[in-house]
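Novice: The structure is given below, and queries will be raised subsequently.
The values are calculated or read from the model by the stated rules, or taken from the named source; none is laboratory data. In this text the structure is predicted, and so the values were computed from the model without any measurement. Note: ideal-geometry Cβ built from the backbone for every residue, glycine included; neighbour counts use all protein chains shown.
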Amino acid sequence: MINRSTFDDVMVPNYSPLAIIPVKGKDSRVWDENNNEYIDLAGGIAVSCLGHCHPKLVQRLQNQAETLWHVSNVLTNQPALRLAEKLTELTFADKVYFSNSGAEANEAALKLARRYSFDKFGVEKSQIISFDGSFHGRTLFTVTAGGQAKYSEGFGPLPGDIDHAKFNDLASVEALISDNTCAVIVEPIQGEGGVKSASKDFLQGLRALCDKHNALLIFDEIQTGAGRTGELYAYQNYDVVPDILTTAKGIGGGFPIGAMLTTTEIASSLVVGTHGSTYGGNPLGCSVAEAVVDIISDRQLLDNVKAKHRKFMDGLDRINERHKIFKDIRGAGLLIGCELRDEYKGKAGAILAEALSQGLLILVAGPDVVRLAPSLIIPDEDIEQGLMGIDKAIASFLEKEND
Ligand code: PLP
């Protein structure tokens, strides 16, 4: 019999999954192996942007599965070309590189930044500036760029010439940046780091500093992209255009795919043979992502994300008036973080567990922040029921706390 304890028997212990095993999903609902139903406000960590088993994505995947799965990068394929065309039409970018995950998209971005600076300015221009609290993936380069030491500890020696400034603190960047800086990498909203938004002044200031020092500005939009903030990409909220943008998670709606977007000038450094991936840009992933992009690039859908944001915020404010548990409720679109008051510090995981027993999937972003990242098309009644579940989960958490 396969059950949760099988995980401990046969899987490397780098995860600690919850007790239930989801076996089926539809829209914003998920069912476990005992047919218990859950409202999904986690969205597979900001991935299932169109909910579970969206009919158009299922259709697209089935059609492609019956047509062509894989050809390798010795040949191109039509879904990849169509998707790249759409992404370049909808963003600042002229060129696209496809990967299979977010970390790989960032790995490509960081390698491209190094290579471009090397080609144009020489070997000295290699410094990468990132931010405390940031998260960019789990490859050695990306954990080193990430601003959370726990993810790179014990994996050294780490790639060199990567420095960390303070998020939303331009002076700390000014203190580090020089003509030897090749790139600054930043999340417009730090997702894993606690749903912390960059200010407009900060991102515009980074743009100006990068321009001054001929450094590339990389926006990691792996969590904020694909419509999550109510714009196709979060940079479109800020009047700041990056040089390189990375996208993954939502862009595949649950099918693994990532992409790095950039300009023709910068892309020209990735000449034949400098970088690649066996599966990156495969027809299955690109076909599904094309369907995702077709659906989420619709203005009305994006405006609805903003409307659903307000619905969540109003509901969470009301819950907080009752329970006084959060010191801050923040975020954009359908990426929302609720930071616990100091007396409940470290307890976000306990609230997640209570939510599960109320039939609700939610997320944390570190130990002090409850995070929601539901489907962009979550029905209003699921928002209402989800908020009721959060209310009950918090009441039950507080009851145990006060026991
Ligand atoms: N960058 C950001 C901002 C992320 O949120 C994540 C994943 O949480 C990643 C990169 C890594 O993406 P992946 O897990 O697909 O490698």
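Novice: Could you grab me the full set of residues in region 365-401 that are among the β-branched types (Val, Ile, Thr) and closer than 14 Å to residue 334 by Cα?
Specialist: Residues satisfying the conditions are 370, 377, 378, 383.
Novice: Also, I was wondering about something else. Show the residue pairs that are 6+ apart or on different chains and have beta-carbon atoms under 6 Å apart, the first residue being within region 100-124 and touching a residue at least 40 places away in the same chain (Cβ under 8 Å), the second being surrounded by fewer than 23 Cβ atoms within 10 Å (Cβ to Cβ) and in a helix (DSSP H, G or I).
Specialist: Listed by first residue and then by second, the contacts come to 110/141; 116/266.
Novice: Any residue at all in region 152-163 that is surrounded by 21 or more Cβ atoms within 10 Å (Cβ to Cβ), within 16 Å of the ligand (Cβ to nearest atom), closer than 28 Å to residue 367 by Cα and modelled with pLDDT of 95 or more?
Specialist: no
Novice: Being within 15 Å of the ligand (Cβ to nearest atom) and among the small types (Gly, Ala, Ser) narrows it down to one residue among 280, 315, 276; which is it?
Specialist: One residue alone meets the criteria, 280.
Novice: Something else now. Could you please let me know if residue 203 is more than 17 Å from residue 90 (Cβ to Cβ) and within 19 Å of the chain's Cα centre (by Cα)?
Specialist: yes
Novice: Residue under question is residue 68, and the condition is that it be among the aliphatic types (A, V, I, L, M), surrounded by fewer than 17 Cβ atoms within 10 Å (Cβ to Cβ) and under 18 Å from residue 257 (Cβ atoms); does it hold?
Specialist: yes
Novice: Of the conditions (1) surrounded by fewer than 24 Cβ atoms within 10 Å (Cβ to Cβ); (2) away from the ligand (no atom under 16 Å from the Cβ); (3) closer than 17 Å to residue 61 by Cβ, residue 256 satisfies every one except a single condition; which number is it?
Specialist: Result: residue 256 fails condition (2) only.
Novice: Further question: Hey, does region 212-222 have a residue that's within 12 Å of the ligand (Cβ to nearest atom) and either surrounded by fewer than 24 Cβ atoms within 10 Å (Cβ to Cβ) or acidic (Asp, Glu) (or both)?
Specialist: Yes, region 212-222 contains a residue that is within 12 Å of the ligand (Cβ to nearest atom) and either surrounded by fewer than 24 Cβ atoms within 10 Å (Cβ to Cβ) or acidic (Asp, Glu) (or both).
Novice: Just to be sure, is residue 386 surrounded by 23 or more Cβ atoms within 10 Å (Cβ to Cβ), of a type outside the set (A, V, I, L, M, F, W, C) and closer than 19 Å to residue 47 by Cα?
Specialist: When the stated conditions are applied, residue 386 passes them.
Novice: Could I ask something else about it? For region 189-196, indicate whether the set of residues that are surrounded by fewer than 22 Cβ atoms within 10 Å (Cβ to Cβ), aliphatic (A, V, I, L, M), in contact with a strand residue (DSSP E or B) (Cβ under 7 Å, 6 or more places away or on another chain) and not in a strand (DSSP E or B) is non-empty.
Specialist: No, that holds for no residue.
Novice: If you go through region 169-200 one residue at a time, how many are more than 16 Å from the ligand (Cβ to nearest atom) and either free of Cβ contacts under 8 Å to residues at least 24 places away in the same chain or within 23 Å of residue 235 (Cα to Cα) (or both)?
Specialist: Residues in region 169-200 being more than 16 Å from the ligand (Cβ to nearest atom) and either free of Cβ contacts under 8 Å to residues at least 24 places away in the same chain or within 23 Å of residue 235 (Cα to Cα) (or both): 12 in total.
Novice: Continuing with this model, one more query. Quick check on my filter: what residues within region 81-96 are hydrophobic (A, V, I, L, M, F, W, C) and surrounded by 20 or more Cβ atoms within 10 Å (Cβ to Cβ)?
Specialist: Passing the criteria: 83, 84, 87, 93, 96.
Novice: Considering region 22-60 alone, what residues qualify as being crowded, with 19+ Cβ neighbours inside 10 Å, of a type in the set (A, V, I, L, M, F, W, C) and within 17 Å of residue 257 (Cα to Cα)?
Specialist: Result: 46, 47, 49, 50, 57.
Novice: Would you list the helices (runs of 4 or more DSSP H) that sit entirely within region 34-131 and hold 1 or more residues that are closer than 30 Å to residue 3 by Cβ and more than 16 Å from the ligand (Cβ to nearest atom)? Lay out the reasoning, then the answer.
Specialist: Numbers: elements: 43-46, 55-65, 78-90, 102-121.
Those helices (runs of 4 or more DSSP H) span 55-65.
Novice: Working only within region 382-399, note down all residues that are free of Cβ contacts under 8 Å to residues at least 40 places away in the same chain and not acidic (Asp, Glu).
Specialist: Within region 382-399, 388, 392 qualify.
Novice: Go through region 132-145 and give me each residue that's without any contact (Cβ under 8 Å) to a residue 24 or more places away in the chain and either closer than 19 Å to residue 210 by Cα or away from the ligand (no atom under 11 Å from the Cβ) (or both).
Specialist: Answer for region 132-145, where residues must be without any contact (Cβ under 8 Å) to a residue 24 or more places away in the chain and either closer than 19 Å to residue 210 by Cα or away from the ligand (no atom under 11 Å from the Cβ) (or both): 140, 144.
Novice: Can you tell me which residues in region 223-244 are more than 12 Å from the ligand (Cβ to nearest atom), among the charged types (D, E, K, R) and closer than 18 Å to residue 376 by Cβ?
Specialist: If the condition is that a residue be more than 12 Å from the ligand (Cβ to nearest atom), among the charged types (D, E, K, R) and closer than 18 Å to residue 376 by Cβ, then 231 is the only one that fits.
Novice: Going by the structure shown, is residue 205 in a loop (DSSP other than H, G, I, E, B), away from the ligand (no atom under 15 Å from the Cβ) and more than 17 Å from residue 102 (Cα to Cα)?
Specialist: Working: in a loop (DSSP other than H, G, I, E, B): no; away from the ligand (no atom under 15 Å from the Cβ): yes; more than 17 Å from residue 102 (Cα to Cα): yes.
So residue 205 does not fit the description; no.
Novice: I need the full set of residues from region 14-33 which are closer than 19 Å to residue 353 by Cβ and part of a loop (DSSP other than H, G, I, E, B), in order please.
Specialist: 15, 16, 17, 18, 19, 20, 21, 33
Novice: Return yes when residue 21 is in the same structural domain as residue 389 (by TED's automatic domain parsing), touching a residue at least 24 places away in the same chain (Cβ under 8 Å) and among the aliphatic types (A, V, I, L, M) and no when it is not.
Specialist: no
Novice: Among (1) crowded, with 20+ Cβ neighbours inside 10 Å; (2) hydroxyl-bearing (Ser, Thr, Tyr); (3) more than 23 Å from the chain's Cα centre (by Cα), which single condition is residue 375 missing?
Specialist: Status for residue 375: all satisfied but (3).
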